[in-house]
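A.B. asks: Dropping a structure here in structure tokens format, bear with me for questions.
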Amino acid sequence: MPFVTTADGTDIFYKDWGSGRPVVLAHGWPLNSDSWEAQQLFLADNGYRAIAHDRRGHGKSTQSWNGNEMDTYADDLAALLDHLDLHDVTLVGFSTGGGEITRYIGRHGTARVAQAVLVSAVPPLMLLRDDNPGGVPIEVFDGIRAGSAADRSQLYKDLADGPFFGNNRPGVEISQGIRDAFWLQSMAAGHRNAYESIAAFSATDFRDDLAKFDIPTLVVHGDDDQVVPFEVGGKASAALVKGAELIVYPGAPHGITDTHKQRLGDDLLAFLNTYGA
């Protein structure tokens with residue numbers, strides 16, 4: 001299986017499908033590269049080289065004891081891009097992966113990057129603070145931490161059965177298969193890795209990183225996202241990136257990579273095809 005080894009000896013697993021201009025897909029918490037399989041296959045079938053990796057501590061990557069924070073996630077992504085010597089890359093980040101690609105640009109710049117896409121992403125800052133009055137209260141994330149420590153398997157089932165896919169909304173029925181896949185991927189993450197990543201996605205301030213975006217950027221977010229509320233995430237990020245294109249999915253939940261597969265694939269492809277136009 002293909003891996004890249006980082007400076008601290010962590011092995012990062014990746015899947016490299018298709019050929020053409022590269023698209024690198026960063027997944028959400030506490031999932032892995034399999035969560036991108038619909039989009040990865042679609043993009044590869046449409047003439048792009050689609051690459052998805054497992055963040056450290058997730059999926060098939062090393063369950064490292066340390067480095068479960070955004071700076072290291074970004075440096076691991078840099079190691080992957082350097083290892084594959086990728087250029088003119090479109091970086092696509094879902095949820096926590098949106099933070100990963102944002103911090104990558106903040107730390108490493110855009111020399112290798114042509115475009116960026118934030119999908120249901122956690123930037124600019126999720127946590128309620130004096131300078132972020134619209135954020136999510138710390139008690140919400142403390143509750144996730146408590147659930148993770150007490151019974152993380154049940155926590156993941158509750159997320160999949162409820163807010164992640166909007167299955168708790170009237171008239172919404174998400175297949176058992178999709179919910180089971182969420183649980184299965186989540187349980188493949190290391191316990192410490194997933195626990196520490198809660199702070200990484202909730203309390204990291206990406207506003208300075210977004211200020212460094214100097215490439216075409218697409219922001220996609222559902223306006224019924226119960227995990228990363230639209231006003232906190234997509235709307236705020238789009239306002240901070242000069243010239244960003246914002247696409248809002250009416251009534252859509254957080255997990256649009258599954259609930260809106262075709263529309264998201266079409267929107268990604270349309271944005272990719274604007275490169276060089």
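The values are calculated or read from the model by the stated rules, or taken from the named source; none is laboratory data. For clarity, every value in this text was computed on a predicted model and none was experimentally measured. Cβ placement follows ideal geometry from the backbone for every residue including glycine, while neighbour counts extend to all protein chains displayed.
A.B. asks: Quick one: count up the residues across segment 141-171 that are touching a residue at least 12 places away in the same chain (Cβ under 8 Å), among the aliphatic types (A, V, I, L, M) and either surrounded by fewer than 14 Cβ atoms within 10 Å (Cβ to Cβ) or outside any helix (DSSP H, G or I) (or both).
C.D. replies: Selection size over segment 141-171: 1.
A.B. asks: Within the bounds of segment 175-192, is there any residue that is farther than 24 Å from Gly67 by Cβ and not in a helix (DSSP H, G or I)?
C.D. replies: yes
A.B. asks: I've got another one for you. Working only within segment 19-39, note down all residues that are of a type in the set (A, V, I, L, M, F, W, C) and part of a strand (DSSP E or B).
C.D. replies: Correct list: Val23, Val24, Leu25, Ala26.
A.B. asks: Would a scan of segment 195-212 turn up a residue that is at pLDDT below 95 and in a loop (DSSP other than H, G, I, E, B)?
C.D. replies: No; the residues of segment 195-212 include none that is at pLDDT below 95 and in a loop (DSSP other than H, G, I, E, B).
A.B. asks: Scan segment 194-221 for residues that are over 21 Å from Gln115 (Cβ atoms) and of a type outside the set (Ser, Thr, Tyr) and jot them down.
C.D. replies: Result: Ala194, Glu196, Ile198, Ala199, Ala200, Phe201, Ala203, Asp205.
A.B. asks: If you go through segment 40-59 one residue at a time, do you hit one that is surrounded by fewer than 22 Cβ atoms within 10 Å (Cβ to Cβ) and part of a strand (DSSP E or B)?
C.D. replies: Yes: one or more hits.
A.B. asks: Would you confirm whether or not segment 133-140 contains a residue that is at pLDDT 95 or above, crowded, with 24+ Cβ neighbours inside 10 Å, among the hydrophobic types (A, V, I, L, M, F, W, C) and within 25 Å of Arg152 (Cβ to Cβ)?
C.D. replies: No; the residues of segment 133-140 include none that is at pLDDT 95 or above, crowded, with 24+ Cβ neighbours inside 10 Å, among the hydrophobic types (A, V, I, L, M, F, W, C) and within 25 Å of Arg152 (Cβ to Cβ).
A.B. asks: Just checking, does segment 87-108 include any residue being at positive phi, of a type outside the set (A, V, I, L, M) and touching a His at 6+ places or on another chain (Cβ under 6 Å)?
C.D. replies: no
A.B. asks: Go through segment 68-107 residue by residue and tally those that are part of a loop (DSSP other than H, G, I, E, B) and either surrounded by 20 or more Cβ atoms within 10 Å (Cβ to Cβ) or at pLDDT below 95 (or both).
C.D. replies: Qualifying residue count for the region: 2.
A.B. asks: Another one. Find all pairs meeting these conditions: Cβ atoms under 8 angstrom apart; at least six residues apart or on different chains; first residue within segment 113-124 and of a type in the set (Ser, Thr, Tyr); second residue in a strand (DSSP E or B) and crowded, with 24+ Cβ neighbours inside 10 Å.
C.D. replies: That search, which allows pairs on different chains as well, returns Ser120/Phe94; Ser120/Val220; Ser120/His221; Ser120/Gly222.
A.B. asks: Here is a further query. Can you go through Gly93, Gly135 and tell me which one is over 15 Å from the mean Cα position of the chain (by Cα) and not charged (D, E, K, R)?
C.D. replies: Among Gly93, Gly135, only Gly135 is over 15 Å from the mean Cα position of the chain (by Cα) and not charged (D, E, K, R).
A.B. asks: Need pairs with beta-carbon distance below 8 Å; first residue under 14 Å from Arg179 (Cβ atoms) and within segment 250-262, second of a type in the set (Asp, Glu); sequence gap 6+ or separate chains.
C.D. replies: Qualifying pairs under 8 Å: Pro253/Asp224; Pro253/Asp225; His254/Asp225.
A.B. asks: Just checking, does segment 60-76 include any residue being farther than 27 Å from Ala160 by Cα and touching a strand residue (DSSP E or B) at 6+ places or on another chain (Cβ under 6 Å)?
C.D. replies: So far as segment 60-76 goes, yes, one or more of its residues are farther than 27 Å from Ala160 by Cα and touching a strand residue (DSSP E or B) at 6+ places or on another chain (Cβ under 6 Å).
A.B. asks: So, of the residues in segment 13-39 that are buried (at least 24 other Cβ atoms within 10 Å of the Cβ) and aliphatic (A, V, I, L, M), which turns out to be nearest to Gly97 (Cα to Cα)?
C.D. replies: Ala26
Quick grid of which residues meet (1) modelled with pLDDT under 95; (2) closer than 17 Å to Asn167 by Cβ; (3) part of a helix (DSSP H, G or I); (4) not β-branched (Val, Ile, Thr):
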site	(1), (2), (3), (4)
Ser237	no, no, yes, yes
Gly251	no, yes, no, yes
Asp258	no, yes, yes, yes
Gln262	no, no, yes, yes
Leu269	no, no, yes, yes
Ala277	yes, no, no, yes
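A.B. asks: Quick test of your reading of the structure: Gly47 fulfils all but one of (1) under 25 Å from Trp183 (Cα atoms); (2) modelled with pLDDT of 95 or more. Name the failing condition by number.
C.D. replies: (1)
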